[in-house]
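The values are calculated or read from the model by the stated rules, or taken from the named source; none is laboratory data. Since the model is a prediction, treat every value here as computed from it, not as a measurement. Every residue, glycine among them, receives a Cβ derived from its backbone with ideal geometry; neighbour counts consider all protein chains shown.
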Amino acid sequence: MPQLDLTHPIDLGSQHWSAAAVHLQGNIVKPHGRKHTVMFLFVLAQGDGLRAALRDLAAVFVTSATGQQNQRDRIESAPNSVFGNLGLSAAGYRKLGFDQEALQKVFAHRGYTQNWFLEGMKAKGDEWGDAANQLEAFYQKAAVDGYLLLACADECGLLEAAAMAKQRLSGCCEVVHEERGQVLEQNGLEYEPFGFRDAISMPSVLTTAAAPPPHNAETLLFRDRLAGQSNCFGTFVVYRKLEQDVTGFDRAAQALGHVLGLTADEAAARIVGRRKDGTALVTDFSQDPSGRVCPLQAHIRKVNPQVSARGGRIVVPLYRRGVPYRTDKTQGLLFLSMQQNIATQFGLAMRDWVNDSDFPVPGTGTDSLLGRPGGVQNWNGISHDVGRHVTFRGGEFFFLPSLAFFHSLDG
């Protein structure tokens with residue numbers, strides 16, 4: 001059987017990809033493309049039959065990469081087609097009977113002794129500035145074992161599938177929390193709650209990607225060593241619920257604009273690093289080393305600096321699959337980041353870039369959108385704190401196993 005080579009980008013037309021895609025969950029290499037989502041966070045039940053029940057749940061609701069492509073090919077004729085992902089936390093794997101020693105082996109990254117996935121997100125809260133007292137009540141409780149994400153282009157179709165899923169979930173777990181998301185669109189374009197174009201400049205591992213050019217598959221896929229067969233891969237997921245204070249952000253942009261002599265929209269663009277229509281302030285940060293056009297602490301520059309202070313190229317892709325949410329009182333983003341190694345990708349960006357006030361140069365300040373609260377940013381010689389208008393409300397680390405892993409589970 002042809003094996004997928006992770007040291008190169010993925011060619012969707014190759015036999016190697018076809019052989020791996022039947023085992024790989026969808027929404028990893030390519031977004032699922034649906035407008036409406038529901039995310040069930042669950043705790044696995046103890047007792048006989050757990051493994052078989054989880055296997056059967058995955059067989060009904062999990063969509064493979066091959067299945068995702070087949071859905072896309074006929075989505076106009078079948079708009080009610082439902083997409084599904086099923087992820088497990090380290091706690092979930094332990095409930096399935098895998099001990100710590102076994103998990104340390106199968107989830108080990110070459111050259112790294114520390115495993116963030118097994119430690120869990122709460123262990124990183126202090127490093128990332130995640131205040132425990134700001135978590136929603138649910139997320140302050142015991143560890144979550146996994147999540148089932150369903151998505152559909154049609155809201156009624158999603159509600160019907162969600163009702164069936166909750167019934168099936170009751171056979172092997174308890175749904176302890178539910179999140180609903182919906183893509184925000186205007187004239188066919190996606191936006192996030194602050195009003196900025198979303199889902200642009202996304203990294204890719206596909207050979208068809210042109211701008212930016214594709215990354216090797218090893219930045220996204222991780223071999224699923226529990227699948228029981230070769231050519232099976234998954235990915236590590238960082239899930240974070242981020243509440244956005246739109247009113248507070250707008251006021252902060254006005255205040256910054258007053259300080260810098262800019263309009264509120266121009267100041268907002270400096271905070272984020274691009275204009276609301278998605279236009280980049282600078283396409284190549286090496287051409288703006290001092291941050292005069294795009295501030296060094298601007299959000300998109302902090303999370304994707306492109307070049308170091310010494311001019312060396314930095315490549316740490318984060319494959320984002322987030323979706324906006326809205327309730328009667330709050331709104332924000334259900335942020336999902338996928339990667340091969342949490343510590344050296346999302347973790348590095350949060351610890352060494354977003355929350356480091358001296359990155360890329362001393363005195364820069366933390367990320368003006370997501371950084372740890374407190375302190376000021378350097379706006380071309382003017383010190384000013386825009387405040388923080390994105391609040392972390394809860395989350396966890398998960399792994400999206402291969403379908404072969406679920407198939408291998410017995411009673």
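With respect to (1) out of contact with any Pro (no Cβ under 9 Å at 6 or more places or on another chain); (2) at pLDDT 95 or above, the lone exception for Leu88 is condition (1).
Just one of the listed residues (Asp56, Asp5, Asp48) is among the acidic types (Asp, Glu), in a helix (DSSP H, G or I) and at negative phi, and it is Asp56.
Scanning segment 8-31 for residues that are buried (at least 22 other Cβ atoms within 10 Å of the Cβ) and either assigned to a loop (DSSP other than H, G, I, E, B) or at pLDDT below 95 (or both) gives His23, Leu24, Gly26, Asn27, Ile28, Val29. Only helices (runs of 4 or more DSSP H) whose full extent lies in segment 238-325 are considered here, and the ones with at least 1 residues that are surrounded by 16 or more Cβ atoms within 10 Å (Cβ to Cβ), more than 20 Å from the chain's Cα centre (by Cα) and touching a residue at least 40 places away in the same chain (Cβ under 8 Å) are 246-260, 264-272. Given the condition buried (at least 20 other Cβ atoms within 10 Å of the Cβ), closer than 19 Å to Ile271 by Cα, in contact with a Pro (Cβ under 8 Å, 6 or more places away or on another chain) and touching a residue at least 24 places away in the same chain (Cβ under 8 Å), answer yes or no: does some residue in segment 390-398 qualify? Taking every residue of segment 390-398 in turn, none turns out to be buried (at least 20 other Cβ atoms within 10 Å of the Cβ), closer than 19 Å to Ile271 by Cα, in contact with a Pro (Cβ under 8 Å, 6 or more places away or on another chain) and touching a residue at least 24 places away in the same chain (Cβ under 8 Å). If you go through segment 159-195 and pick out every residue that is charged (D, E, K, R) and in contact with a helix residue (DSSP H, G or I) (Cβ under 7 Å, 6 or more places away or on another chain), you end up with 1. Residues that are part of a loop (DSSP other than H, G, I, E, B), surrounded by fewer than 17 Cβ atoms within 10 Å (Cβ to Cβ) and aliphatic (A, V, I, L, M) within segment 97-136 comprise Ala108, Ala131, listed in sequence order.
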